[in-house]
Amino acid sequence: METFHRPPRSLGGFWRFCASRRTLVFSVCLVVYVLVLVLQVGHPSWPGWGRRSDRDSYRRSRGLYHFQAGDALRAPGAADPAGPTRSNVVYITFRAKRQKPAILRGTVKPKARRKSRRNNQDYAAPTQNRARTLARPGQARTLGSNSTSWGETEISNMDYRLSEVNQTSHTDPQVSSIRIYSQRAPPWLGAEDVRAMRFLAGAKVARIREVSSRGFTSFLMSESDTDQTRTPPGVCGGRCGLIRSPVDSTEVFGFHLDRVLGLNRTLPAATRRFRVLHDGQPCPVVLWDASLYPEGLAASRSTVRLTWGEYQSSLKQRCWHRNVAPKPESGCSTVHHYEWSKLALFDFLLQIHNRLDQCCCGFRPRAQDVCVKQGLHAECVERGRIALADIVHRSHDPRRLVFSNNKGFFDRNEDNLDFQLLDGIKELPERSVEVLRSGRLRQCLLQSLFLDQVFWESQGGRRGIDKLIEVVERRAKVLLTFINAHGIKVTPMGG
């Protein structure tokens, strides 16, 4: 038998009411409850009610994230006399993506611009056999006795800035691929270095000249459009830069390595693209230094002429050490003794053999190397008579060397390094060796190379730069082992 549960007696009469009367009773109860709740919350005796009302209304008018000077954050665990109310809670929100400002400290980043359409004739530029087509007919001429030919291309009507990377033609003078996002550059880069890098990477070019000497072709860019009829032929008017081939990208890496090691012997270099040169590939541009050519471009540079035997003799005599003038019959050059130590350290890390070992006597060369093609490697039998090359100094400072034409090799393994570069070296600069021993070489090179955006991207970004640094790090370990094994002294070498 099914049982039936009756509702309580107190509610039995309520459920016998009609639907309209039950709704009315519910409504009255709800109104009474709301009135009681409002009276309790809004009563002046509620804790902190009167003290918060003015402040909360002011905050609501100004927004939730506006704080007065007196609204300092309390330490965790401190007692709040007003209790844990909503006014004591600080709300912090984060944006999903950080928006970088257009103007950063020390650098102005270019804003996104639309590509402007221009006539294709404006961009008509040689891409095949560029070295010949840049020289206009009738403009090539011979200078001096070494038959240095020049071809001159006027580009004053076109603005070749670093915005060429984005294929734009804007002339904003603040656009540059040298990116410095802090208040100052790394400490190993001076103010002159930064100014030179920004000039080489983003200056407005008025003229590009072709330079061909001894089978070597390069281009000289000029910032100012000077009257060439009033100046001697080949003299740079204003600031200039020497444009190298895209395969000579080690010029830029060598510049930053030189500054990180504290040697300060290379010329500033940066990477830049030119639509009229090398099919728009990134090219290293080295700052032009007129003091290397005291008699003009037609004459040779201020070079030191030494054979390998004379070089080894000067190392033993420690020429100009402690500013003591050598004897006339000693055969010493004008270069200070410490300069050879700096040069040997720099050349060993980059395996630059063109200066001290142009015949490739200290390693196993490949068939495609220049020393093998020109038959120079066969001269290693009489190594003492082999002449050094590219030993350059400024005309007003013959004691210091200038490291130029820094063509390094990153594809040489540790079992085929050129140790002849270290022959006769008994001392190495203390500051440079400290950087190699400290393990900060990678960090410093990454920070320094990051400044040159075009070079960074041309090497494949962080992954490609890491591969280059790994090669130098392995060679640095070999060099440190060589220092310990041969008892080479580490000496402070200022300047």
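The values are calculated or read from the model by the stated rules, or taken from the named source; none is laboratory data. A quick note: this is a predicted structure, and the numbers were derived from the prediction, not measured. Virtual Cβ from ideal backbone geometry, glycine too; neighbours counted across all protein chains shown.
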- [ ] List every residue pair whose Cβ atoms sit under 9 Å apart, with the two residues 6 or more apart in sequence or on different chains, where the first one lies in region 240-255 and is at negative phi and the second, anywhere, is β-branched (V, I, T) and in a loop (DSSP other than H, G, I, E, B).
- [x] G241/V205; T250/I352; G254/I352
- [ ] Identify the residue in region 331-385 that is touching a Ser or Thr at 6+ places or on another chain (Cβ under 9 Å) and charged (D, E, K, R) and, among all such residues, is nearest to T491 (Cα to Cα).
- [x] K342
Open item on the list: Cβ contacts < 8 Å: first residue closer than 16 Å to K342 by Cα, restricted to region 464-483; second residue assigned to a helix (DSSP H, G or I) and of a type in the set (K, R), any location; separation 6+ or different chain. Result?
Closed with: L480/R437
TODO: Determine whether region 306-313 contains at least one residue that is out of contact with any helix residue (DSSP H, G or I) (no Cβ under 9 Å at 6 or more places or on another chain) and under 29 Å from R385 (Cα atoms).
DONE: no
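Here is a yes/no grid of residues against (1) at pLDDT below 80; (2) of a type in the set (S, T, Y):
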{"site": "P186", "(1), (2)": "no, no"}
{"site": "R195", "(1), (2)": "no, no"}
{"site": "V205", "(1), (2)": "no, no"}
{"site": "G215", "(1), (2)": "yes, no"}
{"site": "S222", "(1), (2)": "yes, yes"}
{"site": "P232", "(1), (2)": "yes, no"}
{"site": "C236", "(1), (2)": "yes, no"}
{"site": "R244", "(1), (2)": "no, no"}
Open item on the list: Pairs please, first residue from region 178-189 and under 15 Å from A270 (Cα atoms), second anywhere and surrounded by 19 or more Cβ atoms within 10 Å (Cβ to Cβ) and polar (S, T, N, Q), Cβ atoms under 8 Å, 6+ apart in sequence or on different chains.
Closed with: L189/S448
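Looking at this structure, is F403 farther than 29 Å from W288 by Cβ, modelled with pLDDT of 95 or more and of a type outside the set (D, E)? Walk me through how you get there before you give the answer.
Details: farther than 29 Å from W288 by Cβ: no; modelled with pLDDT of 95 or more: yes; of a type outside the set (D, E): yes.
Against the criterion (farther than 29 Å from W288 by Cβ, modelled with pLDDT of 95 or more and of a type outside the set (D, E)), F403 does not qualify.
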- [ ] Quick one: in region 351-375, of everything that is free of Cβ contacts under 8 Å to residues at least 12 places away in the same chain and in a loop (DSSP other than H, G, I, E, B), which residue is farthest from the chain's Cα centre (by Cα)?
- [x] G375
Task: Subset of region 311-350 (residues that are in contact (Cβ under 8 Å) with a residue 40 or more places away in the chain and among the basic types (K, R)) - done: K316, K342
